[in-house]
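Asker: Before anything else, here's the structure in question.
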Amino acid sequence: MINLDKDYWNKRYIQNETGWDIGAVSTPLKTYFDQLSNKEQRILIPGCGNAYEAEYLFKQGFKNVFIVDIAPEAIKSFKKRVPDFPESHIILADFFELNQTWDLIIEQTFFCALNPAMREKYVQKMYEILAPKGKLAGLLFNCELNKDHPPFGGFKEEYEKLFSPYFNIKTMETCYNSIEPRKERELFIILEKK
C-alpha cells in the first residue's frame, strides 16, 4: 500500500491528478444543502480538496463552514478561488488531529481516500468531534473500487456494521441524483451521533 500522506496528496494537486474533482458541488450534496435551514450551525468538510461544497454553503449564507485538508496546494487553490472565505475557517492539518466540535460534518470523497485500515479510526474520530446529536452526512461509494490505491470502495453492509455502534443510521440509501459517472454507485448517508 502506498503511503497516503501529505506529500502524496499535495503532489496529486500539483500534478492535477484529481480525477475525483467534478469542478462543482455534487448534485446530491447541493440538494441536501438546499433544505438546511440553520445557517448558524458549525459545519466541517474534511479532506475538502478544492472545497466546492464549502464555497456553495458560504455563498448561501452559512456562517460557520470550516474546511480541513492535509495538502497545502488544495488549500492554496481554494483561497485563490474564494478569497473572501474566513481565513480562520481554513485548516491546513491532519483531520485526525482536530479537537474542535461541529454540528454537521460533510462526507465527500474523504472516506474513500483513506487507507481502509483507517476506517474504524475515521468513525471514532467523527463521533468524537461531532456535538451531541451531530450529524455526518454525504456520500459513500457502494461498489468495489481499488485495492492498492484510492479511491477505495466498499458496500452498504460493511458501512452499517462500521457506523452503527456510534451512530443512528437515519439514511443510507442508493443516491437517486448522483452525477452520471457515479450513478447507482453512491449511497447517501445521514448518520446521527448516538
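Read-outs throughout are calculated quantities, based only on the coordinates presented, and are distinct from any laboratory measurement. Note that the structure is predicted; figures quoted are calculated from it, not measured. In this analysis, Cβ positions are derived from the backbone assuming ideal geometry, glycine residues included, and neighbour counts consider all displayed protein chains.
Asker: List pairs: first in region 50-75 and free of Cβ contacts under 8 Å to residues at least 12 places away in the same chain and over 18 Å from Pro28 (Cβ atoms), second buried (at least 22 other Cβ atoms within 10 Å of the Cβ) and among the β-branched types (Val, Ile, Thr), Cβ under 7 Å, 6+ apart or cross-chain?
Answerer: As it stands, the answer is none, since no pair meets every condition given.
Asker: Further question: Being farther than 22 Å from Tyr32 by Cβ, surrounded by 12 or more Cβ atoms within 10 Å (Cβ to Cβ) and over 15 Å from the mean Cα position of the chain (by Cα) is the filter here; which residues of region 132-154 pass it?
Answerer: First pass over region 132-154, keeping only residues farther than 22 Å from Tyr32 by Cβ: 144-150, 152.
Now restrict to residues that are surrounded by 12 or more Cβ atoms within 10 Å (Cβ to Cβ): 145, 149-150, 152.
Listed by number, the residues that qualify are Leu145, His149.
Asker: Also: Got a number for residues in region 94-135 being touching a strand residue (DSSP E or B) at 6+ places or on another chain (Cβ under 6 Å) and assigned to a loop (DSSP other than H, G, I, E, B)?
Answerer: Counting residues in region 94-135 that are touching a strand residue (DSSP E or B) at 6+ places or on another chain (Cβ under 6 Å) and assigned to a loop (DSSP other than H, G, I, E, B) gives 3.
Asker: Further question on the same structure: Can you tell me which of Ile105, Ile179 is closer than 24 Å to Thr27 by Cα, of a type in the set (A, V, I, L, M), loosely packed, with under 14 Cβ neighbours inside 10 Å and under 17 Å from the mean Cα position of the chain (by Cα)? Reasoning before the result, please.
Answerer: Numbers: Ile105 fails: loosely packed, with under 14 Cβ neighbours inside 10 Å.
Of the residues listed, the single one that is closer than 24 Å to Thr27 by Cα, of a type in the set (A, V, I, L, M), loosely packed, with under 14 Cβ neighbours inside 10 Å and under 17 Å from the mean Cα position of the chain (by Cα) is Ile179.
Asker: For region 159-168, enumerate the residues that are surrounded by 13 or more Cβ atoms within 10 Å (Cβ to Cβ) and farther than 15 Å from Pro132 by Cα. Talk me through it step by step, then tell me what you get.
Answerer: Looking only at region 159-168, we keep the residues that are surrounded by 13 or more Cβ atoms within 10 Å (Cβ to Cβ), and these are 159, 162-164, 166-168.
Passing the criteria: Tyr159, Leu162, Phe163, Ser164.
Asker: So, in region 34-62, of the ones that are assigned to a helix (DSSP H, G or I) and of a type in the set (D, E, K, R), which residue ends up farthest from Leu140 (Cα to Cα)?
Answerer: Step one: list which residues in region 34-62 are assigned to a helix (DSSP H, G or I), which gives 52-59.
If we keep only those that are of a type in the set (D, E, K, R) as well, we get 53, 55, 59.
Working: Glu53: 16, Glu55: 21, Lys59: 25 Å.
Only one residue fits best here, namely Lys59.
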